[in-house]
1. Do the conditions hold for His116, that is, is it closer than 20 Å to Glu68 by Cβ and not charged (D, E, K, R)?
2. Mind counting the residues in segment 52-91 that are more than 15 Å from the chain's Cα centre (by Cα), hydrophobic (A, V, I, L, M, F, W, C) and outside any loop (DSSP other than H, G, I, E, B)?
3. Any residue in segment 120-138 that's over 12 Å from Val100 (Cβ atoms): show its pairings with residues that are at pLDDT 95 or above and open to solvent by 70 Å² or more (accessible area, probe 1.4 Å) at Cβ separation under 8 Å, as long as the two are six or more apart or on different chains.
4. For segment 7-24, indicate whether the set of residues that are aliphatic (A, V, I, L, M), in a strand (DSSP E or B), open to solvent by 20 Å² or more (accessible area, probe 1.4 Å) and at pLDDT below 70 is non-empty.
5. When you check Ile104 against the structure, is it more than 30 Å from Lys78 (Cα to Cα), under 17 Å from the mean Cα position of the chain (by Cα) and at pLDDT 95 or above, yes or no?
6. Given Ile162, Ile77, Ile107, Ile64, which one is open to solvent by less than 20 Å² (accessible area, probe 1.4 Å), among the hydrophobic types (A, V, I, L, M, F, W, C) and closer than 26 Å to Ser184 by Cα?
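The values are calculated or read from the model by the stated rules, or taken from the named source; none is laboratory data. Since this is a predicted model, take the numbers as computed values, not measurements. Note that we place each Cβ from the backbone using ideal geometry, even for glycine, and neighbour counts take in every protein chain shown. These area figures cover heavy atoms from the full protein model, side chains too; ligands, DNA and RNA do not enter into them. Shrake-Rupley method; radii C 1.70, N 1.55, O 1.52, S 1.80 Å.
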Amino acid sequence: MEGSILDLEYKKRDSEEKKNETLNIDKRIKELNLNNEWELHLMVNHPLKEIEKWKTVKNIKRVIFHIECEDRPSATIKAIKESGWEVAIAINPETDKYDVLPYISQIDEILFMTVHPGRQGAPFVEEVQDNIIELKKILEIKHADIIIAADGSIKKDNIQKIKSWGVNNFCVGSAIISAPDPKSAYEELLKLI
């Protein structure tokens with residue numbers, strides 16, 4: 001998987017802040033010294049608090065934060081850009097897709113969560129299809145060149161259907177890491193898209 005972009009999801013509940021600080025995930029990633037580019041998905045209430053600690057991790061290409069977070073999106077976008085990274089906004093299945101429209105001129109990617117976030121292996125939320133298709137049409141009308149991504153319960157049985165909705169980036173977890181041969185599972189998914 002050399003040369004591909006790896007999606008690193010960093011989940012932390014603010015109520016568990018002290019417990020999770022001991023994990024030092026940013027330091028562990030740095031120690032791996034991989035050449036892959038990283039897409040850092042901050043699944044936290046306060047992404048502004050987290051951005052600083054990731055500045056020393058090499059090869060971060062893009063940082064994703066959730067529109068539902070408690071920090072102001074404009075301030076979060078500014079902090080990410082000032083760190084030299086591309087910006088992506090994630091939206092949960094139940095979130096109004098139009099919430100991201102005020103920011104489309106400032107971002108590089110919109111990530112649609114195709115599961116309710118919380119745990120790997122959660123069921124796919126089919127209703128996200130309409131949100132993706134409708135927002136993709138709006139972006140085309142506005143001539144906005146933004147990557148459309150999907151994350152959650154993506155596997156060989158549905159990846160082509162998701163691609164047909166206009167998605168061009170896929171964040172895949174369980175379908176690869178739970179496979180008996182992760183490398184083969186990855187290559188099979190690539191062939192399907």
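1. It is true that His116 is closer than 20 Å to Glu68 by Cβ and not charged (D, E, K, R).
2. The total comes to 3.
3. none
4. Within segment 7-24, one or more residues are aliphatic (A, V, I, L, M), in a strand (DSSP E or B), open to solvent by 20 Å² or more (accessible area, probe 1.4 Å) and at pLDDT below 70.
5. Criteria not met by Ile104.
6. On inspection, the qualifying residue turns out to be Ile162.
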